[in-house]
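Here, each number is a calculation from the coordinates, and none is a lab measurement. From a predicted model like this one, the values you see are computed outputs, not experimental measurements. Note: ideal-geometry Cβ built from the backbone for every residue, glycine included; neighbour counts use all protein chains shown.
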Amino acid sequence: MNIKTFAGFFSVIVMALAFASLAVAYEEIQVSNGATLRGVVRVEGKLPKLPPLQISKYKEICKSVPNENLIMGPKQGLRNAIVTIEGIKQGKAIEKESQHELDNAGCRFVPRVQVASVGQFVVLKNSDPILHTAHAFFAGAQPQFNVGLYPGRVIRKPLVAPGLVQILCEVHPWMNAYIMVNDHPYHAVTDLYGEYLISDIPPGEYQLRVWHESLGAMEKKISVKAGESSSVEFVYTPTPGVKK
C-alpha cells in the first residue's frame, strides 16, 4: 500500500469513527407534539460605532465592504447570534444531505454566520472576479481545510465533528465567517430583529446557550412542555473591550 492510498484509507477510518461516536451522542426519535421555543436576543445600552474595515487589497473591487462584527436591528435586536440547545440527547432526525452555502461575494463571506449539523456539507463558492481562500479552523475533531477559490470555483466539504468553525480568507484578512456545527438539529441564528425559532423539541429540561462573535456567550436553564410554545430572551449588557 503506497502512502497516498494509506492516507486516503486512514481518512475514511477517521470519518467512520467520528460518525460512530456521534451516533451514540444523539439518538434520532419520532417527535410528536413537540415544543416550540422562540425568543429574541438583544443588546441593552448604546454601543460605540464600529470602525471601518482596513481594506488593503483590490480596493477597486472591495471598496464598500461593511463591518459586520456587530449588527443591531430594530429595538436593539442582535443579528447573527447563535442559539443552541446544549447537550440534547434525543430528538428529530438530522437532514444528512443538507448543504450550507458559503459564498465569497463583494469581498465578504455570505452568510457570515450559520449553523449546521454533523453529517451535512458546506459548499464553498466564489462569485467575485478575484481569488479568495477559505481557511477553516475547527475547535473540535474536524480536520481543518484550506482551499483556494478562483472566480467561479465551487467545492464541497463534509462536516464530520461538532464545534465552532471560523473561516478566514488569507488573501483578504478582514473576511470572517462562522459555522456552529452540532450533533443535533436544535439551533438557530438570529435574524435582523434578533429573533430566533427552534421547533419540534421533546419535552424536558435543557440548557439554552447563545453565542456571538463579539459579545461572547450566555446560558439559561429552560423547561419545555409537549405541544407548548415558550419564549426565552437573552440580553447582552456589554462592557467595551470585554468578551466572555
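One line per residue, one yes/no per condition, for (1) among the hydrophobic types (A, V, I, L, M, F, W, C); (2) out of contact with any Leu (no Cβ under 9 Å at 6 or more places or on another chain):
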position: V165; (1), (2): yes, no
position: C169; (1), (2): yes, no
position: H172; (1), (2): no, yes
position: A177; (1), (2): yes, no
position: V189; (1), (2): yes, yes
position: G194; (1), (2): no, no
position: I201; (1), (2): yes, no
position: E213; (1), (2): no, no
position: I222; (1), (2): yes, no
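The one condition from (1) under 24 Å from L192 (Cα atoms); (2) surrounded by 16 or more Cβ atoms within 10 Å (Cβ to Cβ); (3) not aliphatic (A, V, I, L, M) that G91 does not meet is (1). Taken over the stretch 208-224, the residue count meeting the criterion of being part of a strand (DSSP E or B) and either free of Cβ contacts under 8 Å to residues at least 40 places away in the same chain or out of contact with any strand residue (DSSP E or B) (no Cβ under 7 Å at 6 or more places or on another chain) (or both) is 6. Can you confirm whether the stretch 117-134 contains a residue that is touching a Pro at 6+ places or on another chain (Cβ under 7 Å), among the small types (G, A, S) and surrounded by fewer than 17 Cβ atoms within 10 Å (Cβ to Cβ)? No.
The set of residues from the stretch 148-191 being over 28 Å from L78 (Cβ atoms), in contact with a His (Cβ under 7 Å, 6 or more places away or on another chain) and in contact (Cβ under 8 Å) with a residue 40 or more places away in the chain comprises L149, V171.
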